[in-house]
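The block underneath contains the structure these notes are about, expressed in structure tokens.
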Amino acid sequence: MNEQTLGHWLAPNPAVMQWVEAQAKLCAPDRIFWCDGSAAEKEYLTERAVTEGVLVRLDQKKLPGCYYHRSNANDVARVEQCTYICTETEEDAGPTNNWLAPKAMYTKLRALCDGAMRGRTMYVVPYLMGPLGSPLTKVGIELTDSIYVALSMRIMTRMGRVAYEQLGDGAEFNRGLHCMLDINPERRYIAHFPQDNAIISVGSNYGGNVLLGKKCLALRIGSYLGRREGWLAEHMLILGVESPEGEKTFVAAAFPSSCGKTNFAMIVPPPQFKGWKVWTVGDDIAWMKPGPDGRLWAINPESGYFGAVPGTNSKSNPNAMTMIQHDTIFTNVALKPDGTVWWEGHDDPPPAECLDWRGNKWTPESKEKAAHPNSRFATPMINNPMLAPEADDPKGVPISAIIFGGRRADTLPLVYQAFNWIHGVYVGATMGSETTAAAVGGVGQVRRDPMAMLPFCGYNMGDYFRHWIGMRKKIKFPPRIYYVNWFRKDAEGKYLWPGFGENMRVLKWIVDRCRGRADADEAPLGWVPGPHCFDINGLPNFSRDTLAKLQSINYEDWRREIISHDELFMKIYSHLPKEMIFQRELLVSRL
Ligand code: GTP
Ligand code: SPV
Ligand code: MN
């Protein structure tokens, strides 16, 4: 395939041509490769990535279509300290975001990109976030000098001609520029220009830093556009629960990075839930808009899963294990001599010898982990045996429940339901969670992560709360709001709740509440399951007593918790809706 001739199929959209030309002039690539999304192109690019050493071909009998990638050891996760929201004023970005004036950032980054693709290929990657023809769908074009990004975007988004089809001769598309430079953390910037619908990412080649459709467009720019246009861009999975009678209830859930969205989106109900099915619509991002029928409708803008690998096995996530057996790119897991892969928490025991995520020899005696804690699979959603048929529906799905949840060893109970929408917004806004390996920095520290959006909100967090509160007026039948915590531990540090598939028990109560067929008791935090409508039958070593521990509220812990809420509230005080203060007072008085 001759690259210069590619692109001839492209009906010239003047806005696209002009912009690509200008960026090419800046970055000075030797070649421009116009991606069309075809199967032939995938084959060609894959072959080329293998030749260049960017991908390792895995055993094609055991793992057909699967490839292996190692990122630079200094580049293994999102970098929040290098992520900027370049709104016109610092106040618009708010105190929870890094900010630099757009002009200053453009100047700085254009200098870094100047000639940065000399000797390299610039891939022009057109993509859709959302199904073709959906009113919520957005067009993006990412220019990248990473063949890994081009191939990953093909999995994660609807990539290729389809994007030009939606764009037509319009000029409204997200302009994304990605230059790897020399993968130097000192020159790493993930910069967003919401008012220009533009993103520039330099100095990284990893996940959320560079797959610009995902966190950058679908969440940071998306949330900014959502406020302007009256919808919500959220860090949420979407799933559909089907009862034995065939009734389907759709639920969206926001848990911070590496806190269980992919797992929850794919749960397999335990045996006692005979006839119940859980379908995946999305595992990371939801775009939600009020529909003409007064309900809140959601799409998953992505078309693939970029999931955390460690801990994935046929017990914790059987659907994920099935879907990553073919046509998957693995990043930073361990590579076995037989051309297959391994990670901590795999079904198979540790291999006698393998190469770790850095490419060094590893044996079970090694002190370091074989797979990086933030190693990932990228797999197309069509691989998922429980992919909801609605995942491609331009209309989306109607959301009956919104769940918030964090990773908390103490203080927070297993489940409760907010009293109403505003209370639910408060519950989401005050969410805290232990930090994880999904972002560079410490692991295990509790921090406030409102709605799991702390690293992803593209404007002032106080205004974001106000937008959430204001949405209530636009939704006649608002979803019920819940809080869950799968991660509460006992005094010995062991998880009190078995989690994973057993989370179906919590989900069932939530669905039954939405359908008006489960009772609840009023408690200080919200509604909690009544004694007879939370099923614990068949749970080994689990008693009503354990459930009581999981649900218990310790007043001393809650005193500390509310003081910790206040730290965030003080930080954003000048934009904090007063409803949040009132909710705080109500909570204190209930406690
Ligand atoms: P991102 O892709 O980073 O946004 O993460 P995510 O929210 O999709 O999290 P994921 O489902 O990948 O889970 C992250 C980690 O949490 C994995 O190590 C899981 O094994 C663990 N985990 C998920 N669900 C549960 C659960 O119910 N209980 C416990 N104890 N651990 C869980
Ligand atoms: C997250 O960190 O929430 C992820 C992984 O989903 S990344 O794509 O790197 O953002
Ligand atoms: Mn995520």
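The values are calculated or read from the model by the stated rules, or taken from the named source; none is laboratory data. Note that the coordinates shown come from a computational prediction; the quantities given were computed from them, not determined experimentally. Heads up, the Cβs are rebuilt from the backbone with ideal geometry, glycines too, and the neighbour counts pull from every protein chain shown. SASA here: full protein model, heavy atoms, side chains in, ligands and nucleic acids out. Shrake-Rupley method; radii C 1.70, N 1.55, O 1.52, S 1.80 Å.
Results, tabulated for the structure shown:
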item	result
Summed side-chain charge close to ALA218 - residues other than ALA218 whose Cβ falls under 9 Å, Lys, Arg +1, Asp, Glu -1	+2
Positive-end residue, the chain charge dipole about Cα centroid, Cβ charges, pick of PRO256, GLY65, THR83	PRO256
J(HN,Hα) series, the stretch 189-200, from Karplus relation 6.51 cos²θ - 1.76 cosθ + 1.60, nearest Hz, glycine and proline x	9, 10, 10, 10, 10, x, 5, 9, 6, 9, 9, 10
Residue-wise HN-Hα coupling along the stretch 328-343, computed from phi with Karplus coefficients 6.51, -1.76, 1.60 (Hz; x: Gly, Pro)	10, 9, 9, 10, 6, 8, 8, 10, 8, x, 8, x, 10, 10, 8, 7
Euclidean distance between Cα centres, the stretch 509-576 to the stretch 185-246, Å	29
Value of D in µm² per second that Stokes-Einstein yields for the stretch 400-486, Kirkwood Rh from Cα pairs, at 4 °C (1.567 mPa s)	94
Difference of contour (0.36 nm per residue) and Cα-Cα distance, ILE562 to ALA111	157.8 nm
Cut-off 17 Å (backbone N to label point 7 Å along Cα→Cβ of GLU88), residues of the stretch 452-480	459-460
FRET efficiency, 1/(1 + (r/R0)^6) with R0 45 Å, evaluated for ASP182 and ARG161 via beta carbons	0.85
Relative contact order, percent, the chain [alpha-carbon distance under 8 Å, six or more residues apart]	14
Charge sum, other residues only, whose C-beta stays under 9 Å from THR83's C-beta, Lys/Arg counted +1 and Asp/Glu -1	+2
Under-5 Å amide H pairs with LYS489, H placed in peptide plane, nonlocal only	ASP410, LEU496
Stokes-Einstein diffusion coefficient of the stretch 517-591, Kirkwood radius over Cα pairs, 10 °C, 1.306 mPa s, in µm²/s	106
5 angstrom amide H check on MET236, placed H, neighbours 5+ away	ILE285, ALA286
Rounded to 5, the percent of DSSP beta bridges in the chain classed as antiparallel	65
In Hz, Karplus ³J(HN,Hα) per residue of the stretch 107-119 (6.51, -1.76, 1.60; θ = phi - 60°; x = Gly, Pro)	4, 4, 6, 5, 5, 5, 7, 4, x, 5, 9, 4, x
Proximal lysines relative to LYS489, as straight alpha-carbon distance under 17 Å, when same-chain residues fewer than 8 apart are discounted	LYS549
Taking only Cα atoms of the stretch 170-296, radius of gyration then Dmax in Å	18.3, 57
Inter-site label distance for ALA22 and THR363 at 7 Å from Cα along Cβ, in nm	5.9
Nonlocal amide H pairs with ILE403, under 5 Å, H built at 1.01 Å	ALA252, ALA253, ALA254, TYR482
Extension gain (nm, one decimal) between PHE582 and GLN325, 0.36 nm per residue minus Cα-Cα	87.4 nm
Stokes-Einstein D for the stretch 11-95, Kirkwood Rh over Cα pairs, 10 °C, 1.306 mPa s (µm²/s)	91
Reach of LYS61 by Cα under 29 Å, taken over lysines that are not fewer than 8 positions away in the same chain	LYS42, LYS315, LYS336, LYS361, LYS369
With Cα atoms, 0 to 90° folded angle of helix 504-514 axis to the chain main axis	70
Protein accessible area in the stretch 418-459, 1.4 Å probe - carbon and sulfur %	57
Residues in the stretch 19-55 reached by a label modelled at ARG118 [backbone nitrogen below 11 Å; 7 Å Cα→Cβ]	28-29
On Cα atoms only, tilt of 578-590 relative to the major axis of the chain in degrees	40
Bins of 10 Å from zero: percent of alpha-carbon pairs in the chain	3, 17, 28, 27, 17, 6, 1, 0
Spin-label model distance (nm) - SER574 vs ALA409, 7 Å beyond Cα toward Cβ	3.7
